[in-house]
Amino acid sequence: MRLNILVLPGDGIGAEITREAVKVLRTVCELHGHELAMKEGLIGGASLDATGSPISAATLKAAGAADAVLLGAVGLPKYDHLPPAQRAERGLLDLRQAMGVFANLRPVKAHPALYGASPLKEALIAGTDLLIVRELMGGLYFGQPRAFEGTGKDRRAFNTLPYSYVEVERIARMAFELARTRRNKVTSVDKANVLETSQLWRQVVTEIAAEYPDVTLDHLYVDNAAMQLVLNPKGFDVLLTENLFGDILSDEAAVLAGSIGLLPSGSLGSRRADGKLPGLYEPIHGSAPDLAGKGIANPLGSIGSAAAMLEWSFGLKAEAQAIEAAIDHVIQHGPTTPDLLGGTGTTASVGGAVCSRIKAMAKVTK
Ligand code: IPM
Ligand code: MG
C-alpha cells in the first residue's frame, strides 16, 4: 500500500517527537512492504515565522491531498500576545476545519507498569480502558459571534456555544459505532441543567441511541463527569462530549495513564468518495516549551498516534498492533523518558527501542 502522509512537526517538542513517530512508520512500512510517501509542512509558530500566518494555503492544500496528517504540537509563549487570528493555535483549528475532522478520538488506558506513575491509587486506576469521543469542529471554539471589544474598564468579550442537530447526530453515531467495537456503553457528558446547547445535545444523543439498542447510554453533567473520571474511571467505556468539555476532560484523563506524554489521538471526518478516511493524528499534549530541545520529551503519544493512523485511515490493523505491542513492551522494560517514574531514557532512545522491538517481533513471527 502507498501511504500519502503529511507531517507537520509544529512547535516546541513537536519536531522531536514526530521524528520518532516517523522512524517507527518507516520501520513498519519496510517490514510490511508499504510505500511511505511523506511530505513535510509548516504549522503554528513555525509557519508564523516563515509565512506570517499560522497555517499557509500551501499547507492546507498539502493536507487536502494527503491520506493522513501527522502533527506534533503547536503554540509557544512568544506568540501568545498575538490577536486570535494569528495565534499559533489558530493554525491547528483551521486545519481541523479544512480537513473536516469532526470526531477526535482519545483512547486512555492504564498500563500495569505505570500504575505507580499516577498520583491516583493503583486499585482505582487498574483496568482503566476508555475512549473519549470529542466533537472537534463546533461549539465555543468556532461559534459566531465572538469578539473581544473595547479598552480599559470598558473591555468586554464573548463567545458563542452553538450546536446543530446534524453536528450532534454525526458525532453521536460515531460514538455508538465505536462502543459496538468495545464494551457497548456510551456516557454522554453535557451541562443540560444550565445550557440550551446541552439540552439539544442530550435530546439528539438520546434519539440516536434508539437505533443502537445493544449499546447502553447514560448521561452525566460535566462537573460530575470530571469527578467520576478520577473516582471510578472503570465506569467509562466511550465518553462522548462536545469540544471544550472534551479538551478539558482528556487532559484530566491523562492522569489515569500516568503521563500526558503517552496519550495518542486521531481525528476523523466522513469517508471520501474514493473510500478513504482521511485523518489528523496528534498526541494530546502541547508543545511543552520547557522540554523543547532537551531530547527528553516522551515520543510515545506521537508513536501511538502513528499506530492509530495505520489502523483508522489505512485499515492496517496488524501493523498498528505491532506498534502498540512494541509501545507496551518499551513501557514495561524501558527505556522511558523522565515523565514516567523518573526514567532516564531520551526521546530518541525510546523511539529506537520501539523500532527494535517491532523488528524483533517480526523475526519471531516469520
Ligand atoms: C488539544 C489542544 C488544542 C485544543 C489547542 C492547542 C488548540 O489543547 O488538542 O487538546 O484545545 O483542541
Ligand atoms: Mg487540550
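Considering each of Ala63, Ala88 in turn, give the residue that is open to solvent by less than 10 Å² (accessible area, probe 1.4 Å), closer than 18 Å to Leu280 by Cα and away from ligand 2 (no atom under 16 Å from the Cβ).
On the way: Ala88 fails: away from ligand 2 (no atom under 16 Å from the Cβ).
Sole residue among the options that is open to solvent by less than 10 Å² (accessible area, probe 1.4 Å), closer than 18 Å to Leu280 by Cα and away from ligand 2 (no atom under 16 Å from the Cβ): Ala63.
Is there a residue being within 16 Å of ligand 2 (Cβ to nearest atom) and either among the hydroxyl-bearing types (Ser, Thr, Tyr) or in contact with a Gly (Cβ under 7 Å, 6 or more places away or on another chain) (or both) anywhere in segment 321-329? Steps first, answer last, please.
Kept after step one, since they are within 16 Å of ligand 2 (Cβ to nearest atom), are these residues of segment 321-329: none.
Scanning segment 321-329, I find no residue that is within 16 Å of ligand 2 (Cβ to nearest atom) and either among the hydroxyl-bearing types (Ser, Thr, Tyr) or in contact with a Gly (Cβ under 7 Å, 6 or more places away or on another chain) (or both), so the answer is no.
Among the residues of segment 316-328, write down those that are open to solvent by less than 60 Å² (accessible area, probe 1.4 Å) and either under 16 Å from Ser302 (Cα atoms) or hydroxyl-bearing (Ser, Thr, Tyr) (or both).
Passing the criteria: Glu319, Ala320, Ala322, Ile323, Ala325, Ala326, Ile327.
I'd like the full set of residues that are more than 16 Å from ligand 2 (Cβ to nearest atom) and either assigned by TED's automatic domain parsing to the domain that holds Asp129 or not in a loop (DSSP other than H, G, I, E, B) (or both), limited to segment 259-303.
Leu268, Gly279, Leu300, Ile303
Of these, Leu131, Leu161, Leu93, which one is in the same structural domain as Asp328 (by TED's automatic domain parsing) and either closer than 29 Å to Gly269 by Cβ or without any contact (Cβ under 8 Å) to a residue 60 or more places away in the chain (or both)? Full working, then the answer.
Details: Leu131 fails: in the same structural domain as Asp328 (by TED's automatic domain parsing); Leu161 fails: in the same structural domain as Asp328 (by TED's automatic domain parsing).
After ruling out the rest, the residue left standing is Leu93.
The values are calculated or read from the model by the stated rules, or taken from the named source; none is laboratory data. Remember, predicted model here, so these are calculated numbers, not experimental data. Methodologically, a virtual Cβ is constructed for each residue, glycine included, from the backbone with ideal geometry; neighbour enumeration extends over all protein chains shown. Side chains are part of the model used for accessible areas, which takes the heavy atoms of the whole protein and leaves out ligands, DNA and RNA. Shrake-Rupley method; radii C 1.70, N 1.55, O 1.52, S 1.80 Å.
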